[in-house]
1. Name the strands (runs of 3 or more DSSP E) wholly inside the range 399-493 in which the number of residues that are of a type in the set (S, T, N, Q) and within 25 Å of A508 (Cβ to Cβ) is 1 or more.
2. Considering the range 320-346 alone, what residues qualify as being without any contact (Cβ under 8 Å) to a residue 60 or more places away in the chain and under 23 Å from Y284 (Cβ atoms)?
3. List every residue pair whose Cβ atoms sit under 6 Å apart, with the two residues 6 or more apart in sequence or on different chains, where the first one lies in the range 359-386 and is outside any helix (DSSP H, G or I) and the second, anywhere, is at pLDDT below 85.
4. Can you find, within the range 541-563, the residue that is nearest to V43 (Cα to Cα) among those that are part of a strand (DSSP E or B) and acidic (D, E)?
5. Restricting attention to the range 514-540, report how many residues are within 22 Å of D479 (Cβ to Cβ), outside any strand (DSSP E or B) and under 38 Å from the mean Cα position of the chain (by Cα).
6. Residues that are under 30 Å from I15 (Cα atoms): which helices (runs of 4 or more DSSP H) entirely in the range 46-152 hold 1 or more of them?
Amino acid sequence: MKRIIRKAIDVIIAIVFSKGFDISIIALGILFRVKLYLENHSVWLDEAVTTVSIGSRTFKEILTRFDIFPEFAKPPIGFELIEKLSITIFGNNELAFRLFPLLSGIGALLLFYLIVKKLFSEKVQKVSLIFFAVCDPLIQYCGDTKPYSSDVLMVLILVFLFIHVRRSGLGLKNILLLGLSGGLIIWISSACIFILTALGLTAVTMIVINKKWKDLISVLPVFVIWLVSFVFLYKISLSQMVHGDSLKATWVGAFGPDAIFSFTTLAWMRDVFFEMFKQPGGMYLPKLPFHIGILGSLIFFAGCWQLFKRDKEHFLLFVSPVLITLFAALIGKYPFRGRVILFLVPSIIAVLSSSVNIKFNKARGISSVIALVIAYVLLYQPFMAAMHNFTRGRGGSEHNRQALAFMQKYYLPGDMIFFNTSGQFSFWYYAKNLGYYSDLQKVYLGEYEGNRMEGVLTGQFAHQTGEFKGVKYAAMKYDYNIFDKEGHFRRIVSAQDKGGVQVIFKQAPVKYEGNSDRVWVFLTRCEEDLKDIILGAFGLRGKVIMEFKGDGAQIYLYDMSRR
């Protein structure tokens, strides 16, 4: 039995270290990403906010930071300009919006391979490359119009340039290359501010350790360029994000407690650090009797030790971004959780993979077994998940496009439309994308900046239920949705002539504004108790004559003539 196991291990090792293995893994990683892109799923809630915001503004409005949704955190200005260029060339559609994230994901895979090939042993190269190629969060965000995939690419560009400059010397050309690249990249990826901080810390620390004081003078121009670029970026864009409450409201639990020096803070640090390995780290083992973060932490610290022993510069290069970002979350400046720290995944993978270099001088056999176990823990489940999503499709997407296309097919002028808060962004995006804007009945509202202003009257349900004397209710209000002549959403005007907020109960027939006998109710990412109240109240007033139900989204057409 031992001989069979040994032979199987030898075959696996022979395949992994064969000449074409790396190219095969890279090709597989690209295939996973392209397959997800071509699935062309509907825009989901956060993605719809981004697509409407970018698609509805001109290049000038993006540059001047005019904002349609001031209550939401803004993507980096460089990311928005690239996305705007993409849809200007290829059309306002999901594939055009997601082209830059896809190319970023592919570029990041190739660049990560070049970096690990420069820095690590062959064993670490193989494990880290496979992990990066199949890591589910890295694949997932290649198919979303969000800056997370491009964040990863920008991080790796900076790391690659830093390694190049450190090895080739701080000549004028390299100073300008690293300084200008860093100064430009933070306009495309705000997260790279943490990476520049980490690179600066690494450079200064190594100068101090090696006592090369002249290099400190040489690297100062790079820091000055970075600092000047950051100051301008902060004044134009970041100051609103850092001082605003939208991030903290969205990412509850991702910021450190107010009392920094407390046991509560230690518990918070433990929780977010453990969670980092699962999301966005991509580690997952089913039926594990304890949190995957415990196992991830053990492997991570083993990797830290291996890096520290072999090369302190590499240790600082990959560990410091995690610590700096965690500190930023601790003082309330940036959330440390989920997709917004996807840019840390290259560092996480590099450190975790370095643990396979673990050696026990008096027990080499044990070292090999431990390395194989670590490789299995890191790679098996992510690989199986990637293969499952590739063969069966990812699923889990909200079928907003399908639901609204259904409405477009059967919509008649004068139909009244209601949607929940999450549904409004998809409604606005697909009004232009599907072209049903021209069919919507509009109401003249007056003149605005010398132009005729018309709005589409809609009803909107609040995203949460309320409670009165033990009975749950839904809140509803009316708005005029303002679009430009091309169908781009521009703003909401409160329909004050239709009264204020209206309360509806499941047990009472809904009362609504307007004279239409046909009413559409579009719900997406809607809580079950809210949906029950809405459908119950509308069901007592009218009858469903058509409906579409998809994953996470549904739309109903009611006949309200029974009044």
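The values are calculated or read from the model by the stated rules, or taken from the named source; none is laboratory data. The structure presented is a predicted model; accordingly, all values stated were derived computationally and were not measured. Cβ sites come from the backbone with ideal geometry, for glycine too, and all protein chains shown count toward neighbours.
1. Numbers: elements: 416-420, 443-448, 451-461, 466-468, 471-483.
Ranges flagged: 416-420, 451-461.
2. V322, L326
3. That search, which allows pairs on different chains as well, returns K359/S367; F360/I366; F360/S367.
4. At the first step, the residues of the range 541-563 found to be part of a strand (DSSP E or B) are 543-550, 553-559.
Right, trim to acidic (D, E) and you get 547, 559.
On the way: E547: 20, D559: 29 Å.
Only one residue fits best here, namely E547.
5. Looking only at that region, the number is 10.
6. 99-119, 122-134, 136-140
Every residue, every condition in (1) out of contact with any helix residue (DSSP H, G or I) (no Cβ under 6 Å at 6 or more places or on another chain); (2) farther than 24 Å from V345 by Cβ; (3) among the aromatic types (F, W, Y), yes or no:
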{"site": "H41", "(1), (2), (3)": "yes, no, no"}
{"site": "W44", "(1), (2), (3)": "yes, no, yes"}
{"site": "I54", "(1), (2), (3)": "no, yes, no"}
{"site": "I68", "(1), (2), (3)": "no, yes, no"}
{"site": "K74", "(1), (2), (3)": "yes, no, no"}
{"site": "L99", "(1), (2), (3)": "no, no, no"}
{"site": "A108", "(1), (2), (3)": "no, no, no"}
{"site": "V116", "(1), (2), (3)": "no, no, no"}
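Residue-wise test of (1) under 29 Å from T58 (Cβ atoms); (2) basic (K, R); (3) in the same structural domain as S353 (by TED's automatic domain parsing); (4) more than 20 Å from the chain's Cα centre (by Cα).
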residue: G105; (1), (2), (3), (4): yes, no, yes, no
residue: F112; (1), (2), (3), (4): no, no, yes, no
residue: Q125; (1), (2), (3), (4): no, no, yes, yes
residue: K146; (1), (2), (3), (4): yes, yes, yes, no
residue: D151; (1), (2), (3), (4): yes, no, yes, no
